[in-house]
Amino acid sequence: MATAALHERLTLQIPLPSPRLAKIAADVLDVDKDLKPEVSRRLISTQDNMLILDFQTSTLKLLRTVVNSSLEMVQMVVSTMASFDTESEEP
Amino acid sequence: MIALGLEGSANKLGVGLIRHDMTTTPPTVTILANIRHTYHPPPGEGFLPKDTAQHHRSHILQLVKEAMAEGQITPKDISVICFTKGPGMGGPLTSVATVARTLALMWNKELVGVNHCVGHIEMGRQITGAENPVVLYVSGGNTQVIAYAEKRYRIFGEALDIAVGNCLDRFARVLNLPNDPAPGYNIEQLAKKGTKLLDLPYTVKGMDVSFSGVLTYIETNAPALLASGEYTAADLCFSLQETVFAMLVETTERAMAHIGSREVLIVGGVGCNKRLQEMMDQMASQRDGKVFATDERFCIDNGIMIAQAGILAYQTGYTTPLEKTWCTQRFRTDEVFVAWRE
């Protein structure tokens, strides 16, 4: 059975304060795998302090859905870091 | 050692900090903090996953800060971070797990994913000291009769369709009862004023129970019964509780007879219900047995139970690698290998 072509694309580049935090964000987010990879895929990577999210979906609606929920989780990660990162406190 | 526990599988968001002082035998257990924030939808409504997840995301960081302040704990004091892996609602679970993972990676701590049901059981055992009870786990999301055997919490019987708490909560919506502090609590209070017993469908199938029939019946007939003046809302609450609780007492008794146990431990939010405790106590006394229950700090979903179950697993060398810290809506109680018990 042919899989749907994942025409709809979006790339988000989110700057984090440091490469360490970008890597942590990527690792945290990447645990949750795509629910339906045949119609919606998310690739997570980093480049220096940039968190990069690459979305590929078969429809615009799916794209909006996955981007929205991903951003909710990114926001959760980033606020957690802002509240609780200890490394930045070390002299 | 100290464990941080994060719980958010339904509408209750809980953060707990527990200390196990390993210098004594058995270890001395101290609760350093146990705080909770609950999402209450308006009367007549239930809580939906998206709103619940948003509630948890809005409150979790503040709760973690408060818990650490109350316990006077800094990140370096924490030995392990425990979170609810499942079962429960997907979005809420993942929102909380995301925070657990982030903290673990920032602070360089191990993670333990905990089964929500096992959390309830372990906290019940810890608080009450019950040796080897039949466990009745009753909440909005779960209804199981459980007994421990050979490293697993075995499910002897369960609700085949909806949990007893779900049945009660959904009937509360029909009556437009407030969801604050909990719909079940408000049904319990109203039921105390009930005097007339309505004959309702009673469905026990061997070791299992079924609530969708009695819910459909009472949802369908309540408006007419109330309008006729024959029954008050209090009478209906009373009748529903008496019926569903009797079903639970029957199956719990069956399990006690099967394994020859004289102890019942009631855990889960519905376990706070005094009428259920009373009915269970009447049955248990007839069998020369005893009922153990905890108060709302521990029977309602909380973070400390996750910390407790998590730290017990951690002490056996168990951790959850990061790539396995995903959450799951279905997670059977007997899937957990209970390494910390004989």
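The values are calculated or read from the model by the stated rules, or taken from the named source; none is laboratory data. Every value quoted in this text rests on a predicted model; they were computed, and no experiment measured them. Glycine gets a Cβ as well: all are built from the backbone with ideal geometry, and neighbour counts include every protein chain shown. Remember, those area values only see protein heavy atoms, side chains included, never the ligands or the DNA or RNA. Shrake-Rupley method; radii C 1.70, N 1.55, O 1.52, S 1.80 Å.
List of remarks:
- Within the protein assembly as shown: Cβ-based charge dipole about Cα centre, in debye rounded to nearest 20 (Lys, Arg +1; Asp, Glu -1): 400
- Couplings 3J(HN,Hα) for segment A:45-54, derived from phi with the Karplus relation 6.51 cos²θ - 1.76 cosθ + 1.60 (θ = phi - 60°), are 8, 10, 9, 6, 9, 9, 8, 10, 10, 10 Hz, where x marks Gly and Pro.
- Counting Cα-Cα pairs of chain A in 10 Å increments starting at 0 gives whole-percent bin shares of 16, 46, 26, 9, 3, 0.
- Across the protein chains, with a 1.4 Å probe defining accessible surface, the residues B:D77, B:D288 rank B:D288, B:D77 from largest area downward.
- Angle between chain A longest axis and helix A:60-84 axis [Cα atoms, degrees, rounded to 10]: 10
- Within the protein assembly as shown, percent of DSSP bridges classed antiparallel, to nearest 5: 70
- Angstrom value of the Kirkwood radius, inverse mean 1/r, which spans all Cα pairs in segment B:157-220: 12.6
- Between the amide H of B:Y148 and those of B:R154, distances stay under 5 Å, these residues lying 5 or more places away or on another chain, with hydrogens modeled in the peptide plane.
- Over segment B:269-342, Cα pairs under 8 Å with separation of 6+ residues give a relative contact order of 27 percent.
- Note on chain B: percent of Cα-Cα distances in each 20 Å bin, starting at 0 and stopping at the bin with the largest distance, equals 32, 56, 11, 0.
- Segment B:152-226: trypsin sites (Lys or Arg not before Pro) in DSSP loop, at most 15 other beta carbons within 10 Å: B:K192, B:K193, B:K196
- Accessible surface of the protein assembly as shown [probe 1.4 Å, protein heavy atoms]: carbon and sulfur percent: 51
- When peptides B:44-50, B:105-111 are ranked by their average number of other Cβ atoms within 10 Å per residue, the highest-first order is B:105-111, B:44-50.
- Net charge over other residues, Cβ less than 12 angstrom from the Cβ of B:K196 (K, R count +1; D, E count -1): -3
- Ordered from largest to smallest accessible area (heavy atoms of protein chains, 1.4 Å probe), the residues A:R64, B:R125, B:R101 come out as A:R64, B:R125, B:R101.
- Taking 0.36 nm per residue of separation and subtracting the Cα-Cα distance, full extension of the segment from B:M207 to B:R275 would add 22.3 nm.
- Eigen-decomposition of the gyration tensor built on the alpha-carbon atoms of segment B:54-109 gives equivalent ellipsoid semi-axes of 20, 14, 9 angstrom, largest listed first.
- Chain B: most fluctuating residue of B:P201, B:P183, B:P87 per GNM, C-alpha cutoff 10 Å: B:P201
- Dividing the mean sequence gap of close Cα pairs (under 8 Å, 6+ apart) by how many residues chain B holds gives a relative contact order of 26 percent.
- Unit charges at the beta carbon, dipole of the protein assembly as shown: most positive-side option, B:Y231, A:F55, B:N273: A:F55
- Mean partner shielding of peptide A:25-35, defined as the number of other chain Cβ atoms within 10 Å of each residue Cβ, is 4.
- Each of A:I52 and B:T24 was given a label point 7 Å from its Cα along the Cα-to-Cβ line. The distance between the two points is 5.6 nm.
- Over all orientations, segment B:183-232 has a Cα convex hull whose mean projected area works out to 4.3 square nanometres.
- Taking every alpha-carbon pair under 8 Å whose residues sit at least 6 apart, segment B:1-70 reaches a relative contact order of 30 percent.
- When shorter helices are ignored and each DSSP H run of at least 4 residues is given -39500 (n - 2.57), the per-residue value for chain B at 222 nm works out to -14000 deg cm²/dmol.
- Averaging over all projection directions, the Cα-based convex hull of the protein assembly as shown occupies 24.0 nm² in the image plane.
- Computed accessible area, B:R262, all protein chains, 1.4 angstrom probe, square angstrom: 140
- Surface accessible to a 1.4 Å probe, B:F292 within the full protein complex, Å²: 20
- Segment B:151-206 and segment B:303-318: distance between their alpha carbon centers, rounded to Å: 30
- Largest first, the residues B:Y231, B:Y318 sort by 1.4 Å accessible area into B:Y318, B:Y231.
- Degrees between helix A:19-30 axis and first principal axis of chain A (Cα, 0 to 90, nearest 10): 40
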